[in-house]
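Worksheet: one structure, shown below.
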Amino acid sequence: MHWYNGALITDSLTTGSSVEKLLDDPGLRFGASVFTTLRVYANCLEDPRSQWQAHCDRLIHSIKAFQWRSPNWPAIYKGAEQLKKYYPILRITLFPDGKEWITGRSLPPQLSRQQQLGITCWIAPPTYTRSFPTHKTGNYLACQLARQLAQAHGAQEAILTSLDGHALETTTGNLWGWAAGQWWTPVSTHAGYECLPGLMRERLRRRLAQQGTTVNTQKWTPARLRSFEAIAYSNCVVELLPIHTVLQGTQQISFDPRHHKLRSLLQQIQQTANDR
């Protein structure tokens, strides 16, 4: 079940079907699309934690940057309302001609366990960089390959790097580190250091700012990475996922996945007050 171009689709692949038309869409075939993935809290798009408007704003930013046709926003909302009855995770994809495609899925099955115990990440070489890194485009081949190689090294996720070997982001989220009594996140706006301005990261930064806590932005050199007591990555699906081990070449760097600051940061995500 999915939503495409203003209609809920449940038919199979038959000649002339909506599914066949979707599969023939150049935007799908060539990765010419932008998307956003949201987690629907309390089965409500308007729940502050769902960040509906922020996800729409992300899409608007990208289609303006690429000079694409504006979609039918009421239809997108209607489609999301239909699919949220069945799926807690929605992916909204926009094509250059203004058509929309919304799909749904379940939460990752090991999410709760991984939030408690953490995961292992592998440092990917700089050849694995995302296309248009400040936008979520349909071309995610570099990320998929990096994650595939990470799994071959016994890790669950990969950390993408700049040309000079600085950590930027994981294949699916923004990095966080705790050291010297402060939170740190990588630089994301300078040439050679671009990464996605994640909605969960921005939400957490606002939260922490309201409490008088500044999130420091700095290049994550290999030395900086080793200095952290705890690290994690965030996105709108997993919320915050601790990292207990980073594989860097032949070295293994260990972190505390149960650090009390990680627990506190996760609690910030799960609260609803002051998020409007």
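The values are calculated or read from the model by the stated rules, or taken from the named source; none is laboratory data. Computed from a prediction, not measured in an experiment: that's the story for all the values here. Note: ideal-geometry Cβ built from the backbone for every residue, glycine included; neighbour counts use all protein chains shown. Ligands, DNA and RNA are stripped out before the accessible areas are found, and what is left, the full protein with its side chains, is counted by its heavy atoms. Shrake-Rupley method; radii C 1.70, N 1.55, O 1.52, S 1.80 Å.
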Let me test this: with uniform point scatterers at the alpha carbons of the range 1-141, what is the Debye-based log₁₀ I(q)/I(0) at q = 0.13, 0.17, 0.18, 0.21 1/Å?
-0.65, -1.05, -1.14, -1.35
Roughly what % of Cα-Cα distances in the chain sit above 34 Å, to the whole percent?
20
What number, in percent, do you get for the relative contact order of the chain if the mean sequence gap of Cα pairs under 8 Å and at least 6 apart is divided by its residue count?
17
Distance in nm between pseudo-label sites at Thr137 and Gln82 (7 Å out along the Cβ direction from Cα)
3.0
Percent of Cα pairs exceeding the 17 Å cut-off, where the set is the range 44-119:
53
Per residue of the chain, what 222 nm ellipticity follows from adding -39500 (n - 2.57) for every DSSP H run with n ≥ 4, rounded to the nearest 500?
-8500 deg cm²/dmol
Determine ³J(HN,Hα), in whole Hz, for all residues of the range 205-222 in sequence, where each value follows from phi through the Karplus function 6.51 cos²θ - 1.76 cosθ + 1.60 and θ = phi - 60°; x replaces Gly and Pro.
4, 5, 4, 5, 5, 4, 9, x, 9, 8, 8, 7, 10, 7, 5, 8, 5, x
Between the range 143-183 and the range 190-230, the alpha-carbon center distance in angstrom
13
DSSP beta bridges in the chain, what fraction antiparallel, as a percent rounded to 5?
80
Under 16 Å Cα to Cα from Lys78, which lysines show up? Leave out anything in the same chain fewer than 8 places away.
Lys99
Sorted by average packing, counted as other Cβ atoms within 10 angstrom per residue and highest first, what order do 209-221, 133-145, 155-167 take?
155-167, 133-145, 209-221
Could you tell me what fraction of 2.2 N^0.38 Å the Cα radius of gyration of the range 89-169 comes to, as a two-decimal ratio?
1.29
Can you list the residues, at least 5 places off or on another chain, whose amide H is less than 5 Å from the amide H of Ser33, using H built in the peptide plane?
Gly138, Asn139
Among Val40, Gly173, Leu262, pick out the residue whose Cα is farthest towards the positive end of the charge dipole of the chain, where Lys and Arg carry +1 and Asp and Glu carry -1 on C-beta, about the Cα centre.
Leu262
per DSSP, antiparallel bridges as share of beta bridges in the range 63-169, % nearest 5, sits at 75
Simple spin-label estimate for Leu163 and Thr217 in nanometres, 7 Å along Cα-Cβ:
2.1
Label-point separation in nm, Ala75 to Leu8, each point 7 Å along Cα→Cβ
1.7
Debye, to nearest 20: dipole size of the range 89-243, +1 on Lys, Arg Cβ, -1 on Asp, Glu Cβ:
220
How much of the accessible area of the range 175-274, probe 1.4 Å, is carbon plus sulfur, in whole percent?
47
Simple Cβ-charge dipole of the range 160-233, Lys/Arg +1 and Asp/Glu -1, about Cα centre, in debye nearest 20:
240
Placing +1 at every Lys and Arg Cβ and -1 at every Asp and Glu Cβ, with all other atoms neutral, what dipole size does the chain have around its Cα centre, in debye to the nearest 20?
480
Give me the extension gain from Arg206 to Phe30: residue separation times 0.36 nm, minus the current Cα-Cα distance, reported in nm with one decimal.
59.7 nm
Per the Cα gyration tensor, the range 185-269 corresponds to an equivalent ellipsoid with semi-axes, largest first in Å, of 21, 18, 12
Under Stokes-Einstein, with the Kirkwood radius over Cα pairs standing in for Rh, what whole-number D in µm²/s applies to the range 133-238 at 25 °C and 0.890 mPa s?
170
